[in-house]
Amino acid sequence: MEKNRIDVTQVKRLDVETRGSAKVMIDWPNVTVSSHQELGLKPEELQKSKCVLGFIPVIYYSILLCVGVPVNILTAVALSRLACRTKKALYYYLLAVTGSDILSQLFIIFVGFLLETAVFHRDVPALLLHSVSAAEFAANHASIWSTVPLTVDRYVALCHPLLHRQISYPARARKIILVVLALSLASGVPFFWWSDMWRNSHPPTALDTVLIWTHVTIIYFLPCSIFLVLNSLIIHSLRVRQKQQPCQEEHRVKPLPLRRLGKTTAMLLAITSVFSVLWAPRTVVVIYHLYVSSVHRDWRVHLAYDLSNMLAMLNTAVNFFLYCFVSKPFCSVVRDIVLLRGGPPYPRCALPQQQAPNNASMTSLYSGNNKRSQRESTPLSPRRARKPS
């Protein structure tokens with residue numbers, strides 16, 4: 001009996017020493033110290049959920065923050081100039097997307113991943129931890145849902161141009177952006193009670209299930225469904241217009257500049273497609289964590305969750321390069337900003353009395369130019385060309 005007691009005491013001491021050394025080895029501890037369930041776990045099971053990547057996420061997020069924030073600020077300045085010059089609602093929606101990306105980088109990458117996880121190892125007050133979590137979700141929702149009004153605006157502009165002239169103007173765009181930001185802020189409040197996947201070893205509760213499904217619906221399934229439907233309608237409308245183009249050429253009617261519309265559509269498709277691809281792995285891993293295996297218990301799920309978060313946060317820094325690749329006006333404005341030039345003057349911004357109405361569309365300008373060019377290129381009839389005696 002005494003020998004058995006000595007063996008049990010030695011096993012407990014070895015267990016405590018092993019858990020202490022494991023805590024030193026883990027760079028980002030995600031194991032709660034005071035938990036009765038951990039006393040039944042073996043030391044090798046505690047090692048499963050350690051951060052396999054080590055300091056790679058810290059380096060990655062630091063580079064992403066140092067590149068993404070200046071690039072997004074440059075994008076915001078360039079879009080502000082374009083919005084002032086052209087008075088188009090499109091640039092206001094893009095400006096809202098850029099501002100939301102900056103908020104996501106500050107709250108999620110800087111505060112969430114770098115400060116809380118890497119610096120403080122989540123040893124912060126619970127109230128602060130939950131408050132930052134709610135702010136992260138609000139910024140994330142704003143970053144994604146700011147793209148939805150942009151998609152709707154492009155759909156109306158291409159498929160219903162007459163309606164677009166009436167409803168699309170900067171004042172209404174600003175109101176829509178404010179409503180989206182307010183709803184995004186309100187949608188982040190329930191996630192104050194979001195469970196910490198890195199530290200909680202207990203199975204997900206009913207509240208965790210509701211919050212996780214609400215999160216993946218708001219963050220991925222619902223916006224991707226809207227993008228898929230509207231982008232499909234836009235592509236179908238462009239194909240129908242391209243088929244009608246030969247008929248218009250036969251009747252000597254010059255079509256709308258499909259090239260310009262195609263660039264805007266390509267930019268929209270690129271933004272939504274990049275979002276859908278980069279956020280898909282994180283959505284799958286979160287659902288897998290809910291029903292199959294937790295991040296706390298399985299190091300492979302921990303690794304997959306790290307990599308999926310890194311891919312998802314990359315979405316906040318790629319829009320600048322998409323704009324430069326697609327839009328020549330954006331590139332010229334960025335060049336003017338970098339070279340500290342004010343850019344060419346625009347009379348529409350300088351003289352209010354010469355401004356076009358807010359709800360005027362670019363298609364009307366093109367149609368007017370086309371009619372004027374046709375009148376100039378068409379020869380006069382003999383009756384009109386005859387000079388008065």
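Computed quantities for the displayed model
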{"quantity": "Overall dimensions of the stretch 47-98 as given by Cα atoms, namely Rg and Dmax in Å", "calculated": "17.8, 58"}
{"quantity": "Packing-based exposure ordering (other Cβ within 10 Å, fewest first) of CYS51, CYS224", "calculated": "CYS224, CYS51"}
{"quantity": "Length released on extending from LEU128 to HIS202, taking residue separation times 0.36 nm less the Cα-Cα span", "calculated": "24.4 nm"}
{"quantity": "Relative exposure of CYS66, CYS159, judged by other C-beta atoms within 10 Å (fewest first)", "calculated": "CYS66, CYS159"}
{"quantity": "Using alpha carbons only: equivalent-ellipsoid semi-axes of the stretch 64-186, gyration tensor based, whole Å", "calculated": "33, 16, 10"}
{"quantity": "Spin-label model distance (nm) - PHE192 vs PHE120, 7 Å beyond Cα toward Cβ", "calculated": "1.7 nm"}
{"quantity": "GLN242/SER273 FRET efficiency (R0 25 Å; Cβ-Cβ; nearest 0.05)", "calculated": "0.75"}
{"quantity": "Sites LEU222 and ALA266 - FRET efficiency at Förster radius 41 Å, r taken between beta-carbons, to 0.05", "calculated": "0.95"}
{"quantity": "Computed lengthening from THR209 to ILE59, 0.36 nm per intervening residue step minus Cα-Cα distance", "calculated": "50.8 nm"}
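Each reported figure results from applying straightforward, stated rules to the coordinates on display, with no laboratory input. These numbers come from a predicted model, not from an experiment. Every residue, glycine among them, receives a Cβ derived from its backbone with ideal geometry; neighbour counts consider all protein chains shown.
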